[in-house]
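The values are calculated or read from the model by the stated rules, or taken from the named source; none is laboratory data. Remember, predicted model here, so these are calculated numbers, not experimental data. Cβ sites come from the backbone with ideal geometry, for glycine too, and all protein chains shown count toward neighbours.
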Amino acid sequence: MFSASATGAQPCSDLLNYKMNKLRSSQSIDFCEAFQGKVILAVNTASNCGYTLQFKGLEALYQKYKDKGLVIIGFPSNDFNQEFDAPEKTANACYINYGVTFPMLEKSIVTGASANKFFQKLIKSSGQEPQWNFYKYLIGTDGLFIEAFASNVTPEQLDSKISGLLSTQ
């Protein structure tokens, strides 16, 4: 299912028909406007998890491919009780401790009936709910779900798959 994008030029997938505020900001990101036509890696994150070190690999992947059409979107969540309550602490963990420059969004729920609308649609299209922090979802340039990856799949292990998707554009 597609809807018209804000520019009217190309239809936007239903999955990307979503807006959410950036972390520690009142600025909202319109996914259709910002991410349409890009390969997207959506990741539910947490600042106090054993997988938090993956921020380094995610940032390296983003730096390597952002100019070729990759965007990584971080969704901080406390669904597994490993995220700070204060957005300032989450921002410090992401931006200062790990040097994250890819879009990080405000903390939200990513599992169950209370999941944010993006994750509700992502779970429905993938058939896979995040089982833990740093669960990863790959979305194609058409805005449709491609594949989900468990938390223990590192960003480095996704390099060739992302490279392949970007080279077919």
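Go through segment 83-97 and count every residue that is of a type outside the set (Val, Ile, Thr) and surrounded by fewer than 19 Cβ atoms within 10 Å (Cβ to Cβ).
Qualifying residue count for the region: 9.
Give the residues of segment 56-81 that are touching a Phe, Trp or Tyr at 6+ places or on another chain (Cβ under 9 Å) and either assigned to a strand (DSSP E or B) or without any contact (Cβ under 8 Å) to a residue 12 or more places away in the chain (or both), sorted by residue number.
Residues satisfying the conditions are 70, 71, 72, 73, 74, 75, 76.
Kindly list the number of the only condition in (1) in contact with a strand residue (DSSP E or B) (Cβ under 9 Å, 6 or more places away or on another chain); (2) assigned to a loop (DSSP other than H, G, I, E, B) that fails for residue 131.
Exception for residue 131: condition (1).
Being within 15 Å of residue 143 (Cα to Cα), surrounded by 15 or more Cβ atoms within 10 Å (Cβ to Cβ) and either touching a Lys or Arg at 6+ places or on another chain (Cβ under 8 Å) or not charged (D, E, K, R) (or both) is true for just one of 109, 73, 29. Which residue is that?
The unique qualifying residue is 73.
Which pairs turn up if I take residues in segment 25-40 that are more than 23 Å from residue 164 (Cβ to Cβ) and look for partners that are at pLDDT below 95 and surrounded by fewer than 17 Cβ atoms within 10 Å (Cβ to Cβ) with beta carbon separation below 7 Å, at least 6 apart in sequence or on another chain?
30/6; 32/6; 33/6
If you go through segment 32-52 one residue at a time, how many are among the small types (Gly, Ala, Ser) and out of contact with any Lys or Arg (no Cβ under 9 Å at 6 or more places or on another chain)?
Going through segment 32-52 one residue at a time, the tally reaches 4.
Which pairs have Cβ atoms under 6 Å, sit 6 or more apart or on different chains, and link a residue in segment 126-152 that is at negative phi and at pLDDT 95 or above to one that is of a type in the set (D, E, K, R) and not in a loop (DSSP other than H, G, I, E, B)?
Pairs found: 138/147; 149/136.
Within segment 41-55, which residues are part of a loop (DSSP other than H, G, I, E, B) and within 14 Å of the chain's Cα centre (by Cα)?
46
Restricting attention to segment 139-153, does a residue exist that is assigned to a helix (DSSP H, G or I), under 16 Å from residue 43 (Cα atoms) and not acidic (Asp, Glu)?
The answer is no; no qualifying residue exists.
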